[in-house]
Amino acid sequence: MPPISSPDGSSSPVRPAHSPAGAPATGAGSAAPRPRPSAEPTETPATGEDPSRDGPTGHDPNRRDPTKDDPTGHDPNRHDPSKDDPTGYDDGGSVAERATRDLAAQFEDEKPGRVLSGPAGLLLTAAALAVGALSLWQVFRPLSQGSKYYLIIFLAGVLPLVFLAYPADLRLRARLAARRRRRTNNGGTDSERTKGNGSGSGIHDTDAPVLTRLASTTPTVTDWVLVVLAVGACLYPVLPVPLGSGGGGYNAFLDRQGLLVPADLAMGTILLLLLLEACRRTTGWILPAVCLLFLGYGYYGGLLPQSWPVAHAGLDFSQLVDAFYNSDSGFYGTPLDVAASYIVLFTIYGAVLELSGAGRFFVELSAAAFRRSRTAAGRTAVASGFLLGTVSGSGAATTVSIGAVTWPLLRRAGYPPERAGGMLAAAGVGAILSPPTLGAAAFIIAEYLGVSYLQVLGWATVPTVLYYLGILLSVEIDARRSGVRPVVIDVGSPWRLLARFGYHFASLIAIIVFLAVGVSATRAVVFATLLAVALSFLDRTKDRAYRLTPARMVTALVTGVRGVLAVTAVCAAAGIITATTTKTGLGPQAAALLIGGAKAATSDPTLVLVLTALLAAVALSLLGLAVPVTASFVIGWVIVGPALLDLGVSAPAAAMFVFYFAVLSEVSPPTALAAVAAAAVTGGRLVPTMWQTLRYALPAYLTPIAFVITPAGLGLLGIGGVGRIAFAAVVTALSVAVLAVAAGGWLPGVGPAGAPERVLGALAGVTLLWLEPVPVMVGAALAALAAAGVFVRRGSAGRPSSGSSANPVEEQL
């Protein structure tokens, strides 16, 4: 997303939040980027100061504002990339825009991809179109051979594209040299390199060539060899001709389950190695290492002392390959089924929404809604994160997108870079928690538990509201405690924006309506996509840049499929973990270890459950530091899930518990990918940014524990009667509010809280999470005592100042 532009005349969006940041915005065949006029924020303080004198990031007030040339706000001189090429492919945006997308990918679960052109680009585009068309065909006319046959074809279409779209990136010397050049070009350390530019977005144009240099290479000979091997290994199970003692077609391959011949074993081994390499290219070394660890456990576990709980009889290599290649729990298991059936359709939907201008509309609506409030800057950042999250489902990418737009506002309001970064990271991670497009793991939950996706959305609704409630309260507290300056955002009325662009909400609402009337999730998202395409023709900007013509629909389809490449590699590789766990019985053994550790401390059943939940939370948080969210959930479910289920926790509560802690790894130190991305945007110090992120997201760490420790906690998932749901929601909201006050040290409307009041508040917030009558009364009493202490402190110290008395700063979007 470009850093900032006007609501009506912004440059054409070039990449949906789902797609890899290095992906060409309009397909693989994009040309090299051409510079375009950028619409930067015009910062005009009410005091009449010249903001261009504030520092190197200041804006030149004499620069012509092209958005004023036309009453629609459109810049008539803006380059329209769709007119350069009959295919409608965008050129990738300005250098700063490309740098923003690359920055998002660097801190995502996936790495930047190549920008391909020429024959390789055309091949990738054609293959992506074929995969997208097959995915849509499968929704309405499923292949008669069954779902596994479809998964084989889908993987054969996607896996080769990974080796075309993602470079091997094994040249350590080149990467170190790129980092040194980045430091040299910006005259400072990595932590300082994004402290500002003309746009205030935190992304330097000088960074862009360095960020994209490695990703912009053409495929090597090795890449083409891997492409050929991937096609052969993936299509081998459906090969209709004999190949030695193997081959013979799909049915013959299934008949050899448990009795693989040498050709089967060879092809399965090749596919295993290719998936590990695909994961390494898209996510880094850690997930392949984890997969190899499980593979080694399956092979060598029989050598462990049989008295050990995790020991098993041992599996030979052919048994492992059979479990991976020719069973329903391996490569072609539930995770890949989710990627091929759901995620690819939602990434295409996200691409359509972004190309139709929905992402920009959501940000500008957030700014318009709070444009005259005291905490306009902070509220805009949080609301933008929530609205973008409804179509994104990606934490770090949403953080960078909203940061590029709202960091100038936060900076002018007086937010320190670290605090602003923490707010942006916490708001961005909410994208994975926000209905109707939760992260990929939510679809896996629906498949594992055999429930509809609508039920999973219902389970996530109350926790999402509580999550953003905590962030908003922290924003309000920070504004009053830190003396943040009011910022008046110069945008139009929110009602005017809704009247002109409110149709972007229609497809989101349509998904919920379709699900509610019994339409499957796959058909619901396809119908919503078609609705978004039709509504895009309501675009009334001067050049109709957001209308989804056939050429731009091709762009959306290709971009959506590119967005699922990394997820597909992760989901297929997750089959190594699930198949090994299933074959060795590791899940029940690990659950017994976890429960045994809790029972070693106490014999009380309630305390055993609490300790098990705490141990599980720690284990999931540590696991999430190493692997992507989807893989973290799969591993956590097969290892931690059985422990919770054995202690009587309901399946929905256990699944959502694992899901939330898998997601929160993105804000958990010391990795905290979303916080790292936010620090890169704001130029703040990394470790303080992580701790600020943790403070903003604190309620999210505690609320999932309430799911599992008491039956009333199911009310937070919308399970139970109206009374249980209301009780759980109100009490937990009070807990979130008290914890926000304790963490922020300020009671809104009253004044600062001292150390005693903050300690009491923290105890009250934790106690309130135990959703039983007595603990709730104790927690409420502690909260009242803490509030009384703040009132007494205020009376003895006089009425405190609630913020800076400086004149409001006017910002123009």
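The values are calculated or read from the model by the stated rules, or taken from the named source; none is laboratory data. Since this is a predicted model, take the numbers as computed values, not measurements. Cβ: placed from backbone, ideal geometry, glycine included. Neighbour counts: every protein chain shown. Only protein heavy atoms, including side chains, enter the accessible area calculation; ligands, DNA and RNA are left aside. Shrake-Rupley method; radii C 1.70, N 1.55, O 1.52, S 1.80 Å.
Data for the structure
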| read-out | value |
| --- | --- |
| Cross-chain or 6+ apart pairs with Cβ under 6 Å, segment 494-520 first and in contact (Cβ under 8 Å) with a residue 40 or more places away in the chain, then of a type in the set (D, E) and surrounded by fewer than 17 Cβ atoms within 10 Å (Cβ to Cβ) | none |
| Selected residue (only one of A616, A601, A592, A572 is over 30 Å from Y150 (Cα atoms), surrounded by 24 or more Cβ atoms within 10 Å (Cβ to Cβ) and of a type in the set (A, V, I, L, M, F, W, C)) | A616 |
| From the options V792, V731, V776, residue that is β-branched (V, I, T), at pLDDT below 90 and assigned to a helix (DSSP H, G or I) | V792 |
| Residue, farthest from L548 (Cα to Cα), within segment 504-518, restricted to residues that are touching a helix residue (DSSP H, G or I) at 6+ places or on another chain (Cβ under 8 Å) and open to solvent by 40 Å² or more (accessible area, probe 1.4 Å) | A516 |
| Qualifying residue in segment 258-273 (condition: open to solvent by 20 Å² or more (accessible area, probe 1.4 Å), at negative phi, modelled with pLDDT of 90 or more and polar (S, T, N, Q)) | yes |
| Filter pass, I348 being in a helix (DSSP H, G or I), of a type in the set (V, I, T) and surrounded by 24 or more Cβ atoms within 10 Å (Cβ to Cβ) | yes |
| Matching residues in segment 439-465 - criterion: being open to solvent by less than 10 Å² (accessible area, probe 1.4 Å) and not in a helix (DSSP H, G or I) | G439 |
| Qualifying residue in segment 199-214 (condition: open to solvent by less than 40 Å² (accessible area, probe 1.4 Å) and at pLDDT 50 or above) | no |
| Selection status of A551, in contact (Cβ under 8 Å) with a residue 40 or more places away in the chain and in contact with a Gly (Cβ under 7 Å, 6 or more places away or on another chain) | yes |
| First in segment 249-266 and among the polar types (S, T, N, Q), second anywhere and outside any helix (DSSP H, G or I), Cβ under 8 Å, 6 or more apart | Q257/N326; Q257/S327 |
| Test: L714 is closer than 25 Å to A479 by Cβ, among the aliphatic types (A, V, I, L, M) and assigned to a helix (DSSP H, G or I) | no |
| Exclusive hit being in contact with a Ser or Thr (Cβ under 7 Å, 6 or more places away or on another chain) and within 30 Å of L353 (Cβ to Cβ), set T578, T541 | T541 |
| Filter result for Y332 (in contact with a helix residue (DSSP H, G or I) (Cβ under 6 Å, 6 or more places away or on another chain) and either open to solvent by less than 10 Å² (accessible area, probe 1.4 Å) or not in a helix (DSSP H, G or I) (or both)) | yes |
| Residue selected from segment 670-711 under the condition among the polar types (S, T, N, Q) and assigned to a helix (DSSP H, G or I), by the criterion farthest from L644 (Cα to Cα) | T682 |
| Any hit, segment 468-483, residues being open to solvent by 10 Å² or more (accessible area, probe 1.4 Å), without any contact (Cβ under 8 Å) to a residue 40 or more places away in the chain, in contact with a helix residue (DSSP H, G or I) (Cβ under 8 Å, 6 or more places away or on another chain) and part of a loop (DSSP other than H, G, I, E, B) | no |
